[in-house]
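K.L.:
Have a look at this one before I ask anything.
The values are calculated or read from the model by the stated rules, or taken from the named source; none is laboratory data. Please read these numbers as outputs of a predicted model, since none were measured by experiment. Heads up, the Cβs are rebuilt from the backbone with ideal geometry, glycines too, and the neighbour counts pull from every protein chain shown. Just so you know, the surface numbers come from the protein's heavy atoms only, side chains and all, with ligands and any DNA or RNA stripped out. Shrake-Rupley method; radii C 1.70, N 1.55, O 1.52, S 1.80 Å.
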Amino acid sequence: MVHTYEVFVDICESADVSNNRYNNTFQRGTERYEIATESRDKLDEMAFSQARSDHPKGIEFDVRVTRIIK
């Protein structure tokens, strides 16, 4: 049976390098995803993959599964 889970991913992105100088700032935020899967075993991996593709400059990802929606 397929269930839909609510997942939050905290993301830290590195700043852009400009003028050959590294600006030591980071962007932080949280994304909410609804992920449908038959097994909770792969849920973290699916959420991480989705967040990684949405935020390619991400350097830290923290996945939190909060609840079953359906």
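K.L.:
Can you give me the number of residues within the range 41-66 that are open to solvent by 50 Å² or more (accessible area, probe 1.4 Å), assigned to a helix (DSSP H, G or I) and either over 13 Å from Tyr5 (Cβ atoms) or of a type in the set (Phe, Trp, Tyr) (or both)?
P.N.:
5
K.L.:
When residues of the range 1-30 are filtered for being modelled with pLDDT under 95 and of a type in the set (Asp, Glu), how many remain?
P.N.:
Residues that pass the stated criteria total 2.
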